[in-house]
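Just so you know, all these numbers are worked out from the coordinates, no wet-lab data involved. As the structure is a computational prediction, the values presented were derived from the model and not from experiment. Here Cβ is always computed from backbone atoms with ideal geometry, including for glycine, and neighbour counts include all displayed protein chains.
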Amino acid sequence: MAVVEASNLVREYRMGTETVRALDGASLTLEGGQFVAVVGPSGAGKSTLLHIVGALDTPTSGSIRVDGTDLSGLTDDEASQFRRTRVGFIFQFFNLVPTLTAWENVALPMLLDSKSLRKARPRAVELLERVGLGDRVAHRPAELSGGQMQRVAIARSLMMEPKILLADEPTGNLDSKTGADVLELLAEVAHDEPDRLVLMVTHDGGAAQVCDRVVTVRDGRIDGRHD
Ligand code: ADP
Ligand code: ADP
């Protein structure tokens, strides 16, 4: 089953008397086990697409299914629950909590979900080991490099075992060598599980080399084939 099935997405923003069409009939099907880059000029609709896939925004029309859930039918509470438990988010500026240690930052999604508290710490430590930070579990963000902070954020995004990770310019604040290492890690994470999808908006020129597929957004539409 496809992880993302978007059909004919339109997203309009009203700006006074003007209407801006951020998406203008975008269709896209993405299978799991892939690392997919979303590229295109500024203002093309990339962020809008990512926000709709992450249940942060809803389309004006069109249909969107993510991990088997029809997102257009969700209430605000259900959308919030969907984001917290079924999607991992990775940001340009990492969005770590500065007062918490690496493992506490990683464990946070599960602590907020307040279910398996006992499992949170061992799982967070395991994920930090997975991203190469087994020796940094008790460090705070200020004691970590940019690349290490992004690895913590990637570990955090995996905490709830989501099928889909959404990354918005994850290498935008890193030097090119560190950025290349982070792209490599995101590719590994996508390929770790047969049905996991990593979807990344990027301007990183190195992305095409490590991604399984590059999707181009132009004027609110997806260029080329969309399976
Ligand atoms: P990209 O991520 O490719 O740069 P965006 O999805 O951010 O593009 O934006 C697509 C278009 O929609 C742009 O013209 C942008 O100005 C407009 N837009 C995006 N978000 C809003 C908003 N909240 N209100 C009004 N216009 C918006
Ligand atoms: P709510 O307040 O409705 O419960 P949250 O703000 O807790 O929702 O967000 C749930 C998830 O969505 C979090 O993982 C968070 O990182 C992500 N998120 C929230 N707002 C944004 C945003 N503007 N852009 C990207 N991700 C966001």
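Counting each DSSP H run of 4 or more residues in the chain as -39500 (n - 2.57), what helix-only mean residue ellipticity at 222 nm follows after dividing by all residues, to the nearest 500 deg cm²/dmol?
The helix contribution divided over the chain gives -10500 deg cm²/dmol.
In nm, to one decimal, how far is the residue 161 label point from the residue 184 one, both placed 7 Å along Cα→Cβ?
The two pseudo-label positions are separated by 2.9 nm.
Roughly how many nanometres apart are two label points built 7 Å out from the Cα toward the Cβ at residue 218 and residue 29?
2.3 nm
Give, in nm to one decimal, the length gained when the segment between residue 10 and residue 92 is fully stretched (0.36 nm per residue of separation minus the Cα-Cα distance).
Values: separation 82, 0.36 × 82 = 29.52 nm, distance 2.60 nm.
Separation in residues times 0.36 nm, less the Cα-Cα distance, equals 26.9 nm.
Net charge near residue 158: determine it from the other residues with C-beta under 13 Å of the C-beta of residue 158, scoring Lys and Arg +1 and Asp and Glu -1.
For residues surrounding residue 158, the net value is +1.
Take residue 142, project a point 7 Å from its Cα along the Cβ direction, then tell me which residues of segment 67-106 have their backbone nitrogen under 16 Å from it.
From segment 67-106, the list is 96-102.
Using θ = phi - 60° and the Karplus curve 6.51 cos²θ - 1.76 cosθ + 1.60, what whole-Hz ³J(HN,Hα) does each residue of segment 170-184 get, with Gly and Pro shown as x?
So the J values, rounded to whole Hz, are x, 9, x, 10, 10, 5, 5, 5, 4, x, 4, 5, 5, 4, 4.
Amide H of residue 222 versus every other amide H placed in the peptide plane: which residues, excluding those fewer than 5 positions away on the same chain, fall under 5 Å?
27
Please pull out the direction-averaged projected area of the chain, using the convex hull of its alpha-carbon atoms, in nm² to one decimal place. Provide the component values of the computation, followed by the final result.
On the way: hull surface 51.0 nm².
With the hull built on Cα positions only, its mean projection is 12.7 nm².
Hey, rough spin-label estimate for residue 208 and residue 176, points 7 angstrom out along Cα→Cβ, what's it come to in nanometres?
Those two pseudo-labels are separated by 1.5 nm.
From Cα coordinates alone, what are the radius of gyration and Dmax values for segment 63-110 in angstrom?
According to the Cα coordinates of segment 63-110, Rg and Dmax are 13.7, 40 Å.
Roughly speaking, what is the stretch gain from residue 193 to residue 74, that is 0.36 nm per residue apart minus the C-alpha to C-alpha distance, in nm to one decimal?
Answer, rounded to one decimal: 40.2 nm.
Within segment 17-33, whose backbone N sits under 15 Å from a point 7 Å along Cα→Cβ of residue 63?
Taking a point 7 Å out along Cα→Cβ of residue 63, the residues of segment 17-33 whose backbone N falls under 15 Å are 26-30.
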